[in-house]
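Presented below is the structure to which this report refers.
The values are calculated or read from the model by the stated rules, or taken from the named source; none is laboratory data. On a predicted model such as this, the values are computed, not experimentally measured, just so you know. So basically every Cβ, Gly included, is an ideal-geometry build from the backbone, and we count neighbours across all protein chains shown. Each accessible area value is taken on the protein alone, full model and side chains, heavy atoms only, with ligands, DNA and RNA left out. Shrake-Rupley method; radii C 1.70, N 1.55, O 1.52, S 1.80 Å.
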Amino acid sequence: MKFVVESVSKCSGRIGILSNIERLPDRAYKTPFLLFLFPNLSREVLELTNFDLSNDFGVLLPVSSIEQMEKPLKQFQKGIAEFIGLKECLTMITLKNSSENSITGHHDRGSIPIFRRSGRLNVKPEKYMSIIEASKADAYTSLADNDTWAGCPNKRLLKSIDRSEDMFNECMTIMNENSINTPLIASVQGGFSE
């Protein structure tokens, strides 16, 4: 996957192109572009819109929505895009569902808590990379402790950065050992420290 900046002086919101996607080599996405949240919209609903399924958007897959699909995806072996019937769309895995408010706290060493309807799930790097490997998504975001807020103490910010760096390194080790070639979109860490 390659991101190319077209022009920084252009007076437009679209300044770059995402291209050379392994599964979709002939596609190029002008950024920023729309990522629909799975499973809120099905293929049938999307076909009722005026969107071109192959060029207009990608599918955002939060771990909270897909972690129970890990075992079937490993057996299916064709990747999550085909599994959900949207093989012409770009797929990207994120840790948390951006349409839901995050619950702060509940941290365990070496894992990130995500909350689903069925309760809390502590995601460790091994589990996260197993989901990434099984899904064969086009990209994924790094496993990061983003539980920081405006006015959060510096101690919490530093702990967040340290935990994120440790988990990032562990994920990279697993990625190299298992030859996972899925492109990673790294999180920007920090907070509102003055």
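Brief remarks on what is shown
- Environment charge at Met175 (Cβ cut-off 12 Å; Lys +1, Arg +1, Asp -1, Glu -1): -4
- Phe83 contributes about 80 Å² of solvent-accessible surface, heavy atoms of the protein only, 1.4 Å probe.
- The antiparallel fraction among DSSP beta bridges confined to the chain stands at about 50%.
- Based on C-alpha pairs under 8 angstrom that are at least 6 apart in sequence, the chain has a relative contact order of 16 percent.
- With Cα atoms, 0 to 90° folded angle of helix 154-177 axis to the chain main axis: 50
- Take each peptide in 47-54, 176-183, count the other Cβ atoms within 10 Å of every residue, and average; sorted highest first, the result is 176-183, 47-54.
- Identified option (computed mean projected area of the Cα convex hull in nm²; candidates (1) 12.7; (2) 10.0; (3) 17.7): (1)
- Around the amide H of Gly16, modelled in the peptide plane, lie the amide H atoms of Glu6, Thr31, all under 5 Å away and 5 or more residues distant in sequence or on another chain.
- Solvent-accessible area of Glu88, all protein chains in place: 40 Å² (probe radius 1.4 Å, heavy atoms, ligands and nucleic acids excluded).
- Nearest 10 degrees, 0 to 90: helix 125-135 Cα axis against the chain principal axis: 10
- For Val5, the accessible area of its heavy atoms, probed at 1.4 Å with every protein chain present, is near 70 square angstrom.
- Range of Cα positions in the stretch 107-183 per principal axis (Å), largest first: 39, 29, 21
- Near the amide H of Arg116, within less than 5 Å, lie the amide hydrogens of Leu121, all on another chain or at least 5 residues away, with H placed in the peptide plane.
- At q = 0.13, 0.27 Å⁻¹ the log10 of I(q)/I(0) for the stretch 51-102 amounts to -0.35, -1.08, computed by Debye summation with a single uniform scatterer per C-alpha, solvent ignored.
- Among Lys71, Lys96, the sequence by solvent-accessible area, most first, with a 1.4 Å probe is Lys71, Lys96.
- Solvent-accessible surface of the chain, taken per residue with a 1.4 Å probe and all protein chains present: 58 Å².
- Taking the stretch 13-63 and dividing mean pair separation by its residue count, relative contact order in percent (alpha carbons under 8 Å, at least six apart): 35
- Other residues lying with their Cβ under 14 Å from the Cβ of Gly85 contribute a combined charge of -1, Lys and Arg counting +1, Asp and Glu -1.
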